[in-house]
Amino acid sequence: GAGVSQTPSNKVTEKGKYVELRCDPISGHTALYWYRQSLGQGPEFLIYFQGTGAADDSGLPNDRFFAVRPEGSVSTLKIQRTERGDSAVYLCASSLMGEVNEQFFGPGTRLTVL
Amino acid sequence: AQSVSQHNHHVILSEAASLELGCNYSYGGTVNLFWYVQYPGQHLQLLLKYFSGDPLVKGIKGFEAEFIKSKFSFNLRKPSVQWSDTAEYFCACHGPGTYKYIFGTGTRLKVLA
């Protein structure tokens, strides 16, 4: 079956612009996660959804970052007024909710803010 | 706050050498522990996981990890590495009721043929 997919694979934008990053989880996975990975670091948690609602958004760095999952499947991470420090690989993962939360990761979107 | 430490940032080994990558976590309660691998140009893949039971966990491709509760450790081992094991390895954990992973900074392994 298909894994987690993310589009675009690469996004180059200018400082101050708005970007949207899309994640398509594994079919049937109710939980969806966004992480950000900067160069030389491990992935850092941003937000996760259980169904359509954001169950934990404590990792979003500021109010320029927002994510939605309106129908409980595809999710979009939105970044307003991008800054050079937002440059990173944005990872999406999905899982079945349960006692052991094994997350399946997508290939990521590499965002470069010039 | 939860944290995960991986002390080896870069490791270089020759083929057939034994591997041990350290992982220590900071969390007071029950944790679930994971090792993920990222091969060059590929996405994160699960190597193995621990949630309860036998503290010695066997994963794919001959990898294993041992959970030592008293040391807050979950070290990854492989008796004999191959060139194809060249990758970046990440340790991660999450506690009960919190589903977000806390990752370590990763260890880049290079295996020389």
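Nothing in this text is a laboratory measurement; each read-out follows from the coordinates by a stated rule. If you're wondering where the values come from, they're calculated on a predicted model, not measured in any experiment. Quick reminder, even Gly has a Cβ in these numbers, built from the backbone with ideal geometry, and neighbours come from all protein chains shown.
A few notes on this one:
- The set of residues in region B:79-108 being surrounded by 21 or more Cβ atoms within 10 Å (Cβ to Cβ) and more than 14 Å from chain A (Cβ to nearest Cβ) consists of B:Val81 alone.
- Close Cβ contacts (under 6 Å, 6 or more residues apart or on different chains) running from residues in region B:64-81 that are without any contact (Cβ under 8 Å) to a residue 12 or more places away in the chain to residues that are part of a strand (DSSP E or B) and of a type in the set (A, V, I, L, M, F, W, C) comprise B:Glu66/B:Leu56.
- Among the residues of region A:99-114, the one identified as in a loop (DSSP other than H, G, I, E, B) and more than 14 Å from every other protein chain (Cβ to nearest Cβ) is A:Leu114.
- Odd one out for A:Thr82, checked against (1) within 12 Å of the chain's Cα centre (by Cα); (2) more than 30 Å from B:Leu109 (Cβ to Cβ); (3) crowded, with 18+ Cβ neighbours inside 10 Å: (1)
- Flag if B:Lys58 is surrounded by 13 or more Cβ atoms within 10 Å (Cβ to Cβ) and either over 21 Å from B:Trp83 (Cβ atoms) or within 14 Å of chain A (Cβ to nearest Cβ) (or both): no
- Assessment of region B:6-14 against the conditions (more than 14 Å from chain A (Cβ to nearest Cβ), surrounded by 15 or more Cβ atoms within 10 Å (Cβ to Cβ) and not in a loop (DSSP other than H, G, I, E, B)) yields at least one matching residue.
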